[in-house]
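Asker: This structure is in structure tokens; I'll ask about it shortly.
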Amino acid sequence: MSQFAEFTPQERGSPLPGLTLRRAAAGDEGALGEMTARREALDPVETAARFAREIAYVQDDNRLWVAVHADRPVAFGRARRYEGPTDAEPDLVPAGWYLGGVIVDEAWRRRGIAHALTAHRLAWIAERAPEAYYIANLRNRPSIELHAAFGFERLERPFTLPGLYFAGGDGALFRLDLAQM
């Protein structure tokens with residue numbers, strides 16, 4: 001089961017000097033696999049192999065970014081374009097760009113890294129679309145607070161996404177009008 005960061009509302013730290021944001025590249029998979037394996041209680045070798053496949057599969061509608069400090073990834077986040085089927089049920093999530101969850105290595109939290117990755121991904125999406133979405137488990141208060149700081153608002157409507165379920169909680173769909181940023 002996923003382990004969300006403990007919610008401790010406080011000011012985020014100052015931007016970390018020396019932090020760079022870039023697309024994930026070959027060689028990042030080990031650090032990303034370790035981060036994810038610790039958080040999700042998975043096998044780090046299998047998880048790194050999954051990241052290696054994702055990094056090798058370059059496409060315009062699925063992006064993986066990393067935050068790097070001292071030449072080592074310390075966090076990552078995704079942006080993906082979702083296009084539902086044309087004959088989709090009415091409660092299917094809308095087509096559009098979605099932010100995927102940010103994972104920050106536990107030792108690097110509260111330094112503004114998730115905020116920087118989110119701002120970077122939203123700027124990238126804003127060049128391609130007028131709005132952005134994300135989906136969160138309602139138990140994941142750190143994620144909800146992070147995105148609220150950018151102006152995301154919860155859409156009060158039922159939604160489905162094939163293959164998506166929320167372990168130990170309910171999910172919510174959020175939207176941001178990028179013109180308001």
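Computed from the coordinates by the stated procedures, all read-outs in this text should not be read as laboratory data. Bear in mind the structure is a predicted one, so any value in this text is a computation, not a measurement.
Asker: Tell me, what HN-Hα J-couplings in whole Hz come from the Karplus equation 6.51 cos²θ - 1.76 cosθ + 1.60 at θ = phi - 60° for each residue of region 118-134, using x for Gly and Pro?
Answerer: Along region 118-134, the couplings run 5, 4, 5, 5, 5, 4, 5, 5, 4, 6, 10, 7, x, 8, 9, 10, 7 Hz.
Asker: Taking a ≥ b ≥ c as the square roots of the Cα gyration tensor eigenvalues, with a/c under 1.5 meaning rounded and otherwise prolate when a/b beats b/c, else oblate, which class fits the chain?
Answerer: Note, shape of the chain comes out rounded.
Asker: Ok, one more. Would you please classify the overall shape of region 102-181 from the alpha carbon gyration tensor, given that a ≥ b ≥ c denote the square roots of the eigenvalues, rounded means a/c under 1.5, and beyond that prolate means a/b larger than b/c while oblate covers the rest? Before the final figure, lay out the partial values.
Answerer: Values: a/c = 1.87, a/b = 1.07, b/c = 1.75.
It is oblate, given that a/c is not under 1.5 and a/b is not larger than b/c.
Asker: Residues with amide H under 5 Å of Leu155's amide H, sequence separation 5 or more or different chain, H placed in the peptide plane at 1.01 Å from N; which?
Answerer: Long-range HN contacts for Leu155: Leu173, Phe174, Arg175.
Asker: Taking every DSSP beta bridge that has both residues in region 63-168, what percent is antiparallel when rounded to the nearest 5?
Answerer: In region 63-168, DSSP labels about 80 percent of beta bridges as antiparallel.
Asker: Moving to a separate point now. In whole Hz and in residue order, list the ³J(HN,Hα) couplings for region 109-116 that follow from phi through the Karplus curve 6.51 cos²θ - 1.76 cosθ + 1.60, θ = phi - 60°; x for Gly and Pro.
Answerer: Values, residue by residue: 6, 6, 10, x, 6, 4, 4, 5 Hz.
Asker: Here's something else I'd like to know. Just want to confirm a number: the relative contact order over region 20-180, from Cα pairs under 8 angstrom separated by 6+ residues, in percent.
Answerer: Value for region 20-180: 18 percent.
Asker: OK, next. Collect residues whose amide H, placed 1.01 Å from N in the peptide plane, falls under 5 Å from the amide H of Asn62; neighbours closer than 5 in sequence don't count.
Answerer: Arg81
Asker: Pop out the ³J(HN,Hα) list for region 171-179 in order, Karplus 6.51 cos²θ - 1.76 cosθ + 1.60 with θ = phi - 60°, rounded to Hz; leave Gly and Pro as x.
Answerer: Ordered by residue, 3J(HN,Hα) equals x, 9, 9, 10, 9, 10, 7, 5, 5 Hz.
Asker: Taking the 0 to 90 degree range and rounding to the nearest ten, how far is the long axis of helix 44-56 tilted relative to the main principal axis of the chain, both from C-alpha atoms?
Answerer: Approximately 70 degrees, to the nearest 10.
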